[in-house]
Amino acid sequence: MEKIIDESKQGSALRTPTKIQNNRNLYIESYGCQMNFSDSEIVASITAQEGFNTTDQLENADLILVNTCSIREKAELTVRKRLEKFNAIKKERPNLKVGVLGCMAERLKHQFLEEEKIVDMVVGPDAYKDLPNLIQEIDEGRNAVNVILSKDETYGDVAPVRLNTNGVTAFVSITRGCDNMCTFCVVPFTRGRERSRDPQSIINEVNDLWDKGFKEVTLLGQNVDSYLWYGGGLKKDFGKASEMEQAMAVNFAQLLEKVALAQPKMRIRFSTSNPQDMTLDVIHTMAKFDNICNYIHLPVQSGSNRILKAMNRLHTREEYFELIDDIRKIIPDCGISQDMITGFPTENEEDHRDTLSLMEYVRYDYGFMFAYSERPGTLAERKLEDDVPQEIKKRRLAEIIDLQRQHSYERIKANLGKTQEVLIEGPSKKSDAHWMGRTSQNTVAVFPKEEFKIGDFVMVEMQDCTSATLLGKAVGYSTNN
Ligand code: SF4
């Protein structure tokens, strides 16, 4: 096995793995949120230093890593099914090693080894830098587990190895963990307390991406609005920081401005926001910079104040409306999407109607809607009975999805006849003669390829649409191209 030579860059250096020779293959499968997919790129970078190439051919794998999600029961069942499949392969290839990463690994810890005999290694989201040691353990025939949650790990010094990339858009993680204790959510238990990444390390990664030809970054965190850099450490300890550290602190609006100024032609998106933490200066900063996209993913989860309280969402529906009004006043054409949970414990028809009426008020561009799935260890699981019958959950979910479909179609039709800037990300799934890309509002647009190419910013005249996609004709390059 060959040793790796580190080539450090200026500022808070990103360690870029340079391999002399690799002789083992890593096959990594990721599930769940964008944070997990971004973490898998960190894992690919760290394992590259241990002599692993990443492969997308399962049959060539020496090590299989599954980056798991625990947000709903279904997500965990999906992982268990995949492990069954790998079990069959391992029977033929006994030297094959299998590891589980991510939130389910953190939730189950050693129990995972007992429940899934095929698993050799269990690694939590904050322990990926320990992978070299853990891989050595399993190479020597022992099981390996590290699920320690960290107070300061942000992987800010690790340069991700881009996986399944289109070469145009990339994720850049800016915070880890979450301090909000929404009663239905496992994230605070599986990803720990909030800590933010050094702004210089973020800007270095964005500059590096621009140099490599990427044209859009999404700044990632479970709760980006809560970003606060004051020299490292947990957000909750900010009060203990020195006066100087507090005065020099960088919040999310300031970080957005720094990134926008660092690469004025790079499109900037961010996800995920939280209504209780979003501030007006974030919205004003979005309006101030053309390269910050006019789109906000703003989960609400319910439209009922009684249910919001039971979910420990620290805002009312009225406060949410105020935020929506402010967004629409400051950025009139802002695209807004939602997360919604239906059938939360004790939810009744009146609560459900409140959710529908909130959706009528906001008229979202699109959303991610799910029936409540009780998660072990959460406050809701410990304190509340999952008392809404499945068939009622299903019926309410169908009503919410149906209403969202109407609003999405209404929103998308409003673009017809307009000419909008689109960043070309790749060929359309449906036609090789067409490009697909997205508008600033995060709406997908498809149009004939003509002389344009991937990575171009083009102006597209929107001529028709489906319920989720704009169809148009490119009329020229954008001035941002
Ligand atoms: S804000 Fe709430 S729902 Fe989102 S990750 Fe944090 S605890 Fe979970």
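The table below lists the values:
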| quantity | calculated |
| --- | --- |
| Neighbours by Cβ (under 8 Å, 6+ apart or cross-chain): first from region 242-255, exposed (fewer than 15 other Cβ atoms within 10 Å of the Cβ); second in a loop (DSSP other than H, G, I, E, B) | GLN246/TYR230; MET248/TYR230; MET248/GLY231 |
| Region 151-186, residues that are of a type in the set (Ser, Thr, Tyr) and touching a residue at least 24 places away in the same chain (Cβ under 8 Å) | THR154, TYR155, THR169, SER173, THR175, THR183 |
| The listed residue being outside the structural domain of GLU50 (by TED's automatic domain parsing) and surrounded by fewer than 20 Cβ atoms within 10 Å (Cβ to Cβ), out of LEU77, LEU96, LEU163 | LEU163 |
| Test for SER373: is it open to solvent by 20 Å² or more (accessible area, probe 1.4 Å) and under 22 Å from the mean Cα position of the chain (by Cα) | yes |
| Condition met for ARG313 (basic (Lys, Arg), within 16 Å of the ligand (Cβ to nearest atom) and touching a strand residue (DSSP E or B) at 6+ places or on another chain (Cβ under 8 Å)) | yes |
| All positions within region 220-241 that are within 14 Å of the ligand (Cβ to nearest atom), surrounded by 14 or more Cβ atoms within 10 Å (Cβ to Cβ) and not aromatic (Phe, Trp, Tyr) | LEU220, GLY221, GLN222, ASN223, VAL224, ASP225, SER226, LYS235 |
| Considering residues of region 200-213 that are open to solvent by less than 10 Å² (accessible area, probe 1.4 Å) and more than 26 Å from ASN146 (Cα to Cα) only, the residue nearest to the ligand (Cβ to nearest atom) | ILE202 |
| Some residue of region 150-161 being assigned to a loop (DSSP other than H, G, I, E, B), in contact with a Gly (Cβ under 6 Å, 6 or more places away or on another chain) and more than 30 Å from THR439 (Cα to Cα) | yes |
| Sole residue being among the β-branched types (Val, Ile, Thr), assigned to a strand (DSSP E or B) and within 23 Å of the chain's Cα centre (by Cα), chosen from ILE324, ILE336 | ILE336 |
| Residue list for region 341-370, filter: farther than 21 Å from THR190 by Cα and within 22 Å of the chain's Cα centre (by Cα) | THR342, TYR364, ASP365, TYR366, GLY367, PHE368, MET369 |
| One residue from GLN21, GLN111, GLN57 being surrounded by fewer than 20 Cβ atoms within 10 Å (Cβ to Cβ) and modelled with pLDDT of 95 or more | GLN111 |
| Hits in region 177-197 - residues which are surrounded by 23 or more Cβ atoms within 10 Å (Cβ to Cβ), more than 9 Å from the ligand (Cβ to nearest atom) and part of a loop (DSSP other than H, G, I, E, B) | ARG197 |
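Let's see how each residue does on (1) under 17 Å from LYS215 (Cβ atoms); (2) out of contact with any helix residue (DSSP H, G or I) (no Cβ under 9 Å at 6 or more places or on another chain); (3) modelled with pLDDT under 95; (4) outside any strand (DSSP E or B):
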residue	(1), (2), (3), (4)
SER373	no, no, yes, yes
ARG411	no, yes, no, yes
GLN420	yes, yes, no, no
ASN442	yes, yes, no, yes
ASN481	yes, yes, yes, yes
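The values are calculated or read from the model by the stated rules, or taken from the named source; none is laboratory data. Keep in mind the model is a prediction, meaning the values are calculated, not measured. With ideal geometry, Cβ positions are generated from the backbone for all residues, glycine too; neighbour counts draw on all protein chains shown. Remember, those area values only see protein heavy atoms, side chains included, never the ligands or the DNA or RNA. Shrake-Rupley method; radii C 1.70, N 1.55, O 1.52, S 1.80 Å.
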